[in-house]
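This report concerns only the one structure given below.
The values are calculated or read from the model by the stated rules, or taken from the named source; none is laboratory data. Since the model is a prediction, treat every value here as computed from it, not as a measurement. A quick note on method: Cβ atoms are made from the backbone with ideal geometry, for glycine too, and the neighbour counts reach across all protein chains shown.
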Amino acid sequence: MAINESSPYEEGMEEYMNRGIKDVITEHPELEAILDDYDIGCGACMVGTCLLKDIVDVHGLPSETERALMGRITKVIYPNAEIETSEDDGKAQAERTFAYSPPVQILVDEHKLIKRLIALIPCITESMDLTTEDGRQLVLDGVDFIKTYADSFHHAKEEDLLFKYFDADSEIVSAFHEDHRVARNHVKNILEGVSEKNRAKVAEHLGAYNELLQVHIKREDEILYPWMDRNISSEQETELAASFDEVADRFGDVNERYEVFVQRLEKSFLN
């Protein structure tokens with residue numbers, strides 16, 4: 001932490017580091033903007049009960065950047081503290097690049113197809129006509145992609161395999177489980193809306209699903225996956241790769257089928 005060892009604020013900061021991030025932000029609202037400077041979007045998190053110390057750890061910031069961040073946080077909590085920080089306080093960060101283990105890279109690659117589908121949601125919403133069978137089927141086909149590819153195939157590998165190497169009750173893992181739960185609830189409401197021919201309801205939950213998944217995928221690719229990769233052993237990585245192969249065998253040509261489906265939608269809406 002970027003305060004002197006003899007600082008009278010050290011014990012107080014230790015207490016803050018063990019408090020929930022939402023609680024700390026509520027007490028010191030200016031911290032949300034500081035965290036945003038470091039691309040730590042805790043303000044928009046669905047759960048927000050992660051401890052401040054876990055937030056700092058899971059993002060895997062370079063040591064200099066972490067010291068600058070902690071200096072700025074300490075200065076907000078204790079304005080009179082003598083803080084040693086770099087001149088730019090770490091705000092100007094080089095673009096981060098990520099190297100994933102082979103099994104985690106598979107999940108990142110699957111995100112690419114999911115992102116292509118959700119990018120089409122505004123087009124689907126704008127053109128959908130639930131009074132016709134073709135209009136309803138268009139939405140149902142999109143839901144089929146979500147339920148089969150994004151959820152049963154992709155999210156299940158996360159929840160049933162990768163996440164099992166970590167404490168299911170940890171706040172960080174729980175936050176991503178909660179995202180999945182909320183996403184499934186949006187899908188439930190979309191299906192109800194189609195059945196009711198309620199265009200407003202379908203549009204609302206398609207839009208909410210789109211917004212959620214955009215943030216969710218970014219946080220997985222840039223925060224959760226790198227953190228998990230840093231904390232799994234080589235043996236666990238090998239086990240995970242073998243388990244992913246089993247899932248791929250079980251689902252057969254799922255990647256190819258849904259690639260064709262997304263391409264067809266892209267051709268229909270974007271060409």
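Which residue, of GLU110, GLU64, is closer than 26 Å to ILE217 by Cβ, charged (D, E, K, R) and either part of a helix (DSSP H, G or I) or at pLDDT 85 or above (or both)? Matching residue, one of GLU110, GLU64: GLU110. Which members of the stretch 211-255 meet the condition of being surrounded by fewer than 16 Cβ atoms within 10 Å (Cβ to Cβ) and under 17 Å from HIS177 (Cβ atoms)? Residue satisfying the conditions is VAL215 alone. Spot the failing condition for ASN189; the list is (1) out of contact with any His (no Cβ under 6 Å at 6 or more places or on another chain); (2) over 30 Å from TYR100 (Cβ atoms); (3) in contact (Cβ under 8 Å) with a residue 12 or more places away in the chain, and only one is missed. Here ASN189 meets the rest and fails (1).
With respect to TYR165, is the statement that it is assigned by TED's automatic domain parsing to the domain that holds LYS115 and under 23 Å from VAL58 (Cβ atoms) true?
Numbers: assigned by TED's automatic domain parsing to the domain that holds LYS115: yes; under 23 Å from VAL58 (Cβ atoms): yes.
Considered against the rule, which asks whether it is assigned by TED's automatic domain parsing to the domain that holds LYS115 and under 23 Å from VAL58 (Cβ atoms), TYR165 comes out as yes.
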